[in-house]
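Bear in mind these aren't lab numbers, they're just calculated from the coordinates by the rules spelled out. These figures come from a predicted structure and were not determined experimentally. No Cβ is skipped: glycine too gets one built from the backbone with ideal geometry, and neighbour counts run over all protein chains shown.
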Amino acid sequence: MGNYLHDRIVPFKDSGLGKKQQIAEMFDKIAFRYDFLNRFLSGGVDLYWRKRAIRELRDLKGEAAVLDVATGTGDMAVLLSRYLPQVQITGVDISEGMLEVGRQKLARLKLNNRIRLQKGDSEALPFPDNRFDAITVAFGVRNFEHLENGLREMRRVLKPGGRLVVLEFSRPRTPVIGQLYNVYMRLIAPRIAGIAASDRDAYRYLNDSVHAFPEGGEMIGILEHCGFIRTELRRLTVGVCSVYTGDKAADGN
């Protein structure tokens, strides 16, 4: 099992809990403001990023089964239902607080017949082998306690020939843009989040985890090490965000 710096980045440095438990606690605390903060802090660009990631599944046929890991409040699941009208979607997350907000959203949008949300650990998914045609993770792999465990587990529940689509923050390559991005993530975003949600720790963690995450070519290498083939990387919005894709071999190996 690989050991990566981001696996050890945690929201609450003085806590005695492991990363997984801290992540669940953090998201439980900010669940009620999570959607608002996402839209506000990204200027709504996160919706474009999610839609761009979903385009990687445009070849899905018929009533495919899609799993959205680290689904949170169900934002990605809702967009999947909109842009892939035939698919049945299951969302899993370790934060019951986020899932409860998500369930209220689904009821409001009358999507309970298309999307099912349940509590689940990305490193021990409660599904049999070869269950899903595709898997999405939007801004979630950065929060895995053991990155390779989570990736291998998602590959396990993918059907042969199935596709994984990972959407995650990355670091801009252009020096000036990179400097502006660092100032925003390190100073401005946590202050805004502190005012809006009284929880700066969550957005300090966001900055720390983005900088520690093995992005770009390194992430592609990890996907391939975990058994994915036909891996690809697409950078979005001057490199602030990236879409990674990888397939499970048609023979299941």
(message) Per-residue counts of other Cβ atoms within 10 Å, averaged by peptide: what ranking do you get for 129-142, 230-243, highest first?
(response) 129-142, 230-243
(message) On the principal axes of its Cα set, how long, how wide and how thick is the stretch 44-105? Give whole Å, largest value first.
(response) 33, 27, 17
(message) At 0.36 nm per residue, and after removing the present C-alpha to C-alpha distance, how many nm does the segment from L47 to D59 gain when stretched out fully?
(response) 2.3 nm
(request) Could you please rank R173, R204, placing first whichever residue has the fewest other Cβ atoms within 10 Å of its Cβ? (result) R173, R204
(request) Output the direction-averaged projected area (hull surface divided by four) of the convex hull of the alpha-carbon atoms of the stretch 1-141, in nm². (result) 9.5
(request) Check the straight Cα-Cα distances from K248 and name the lysines below 24 Å, setting aside those fewer than 8 residues away within the same chain. (result) K51, K61, K159
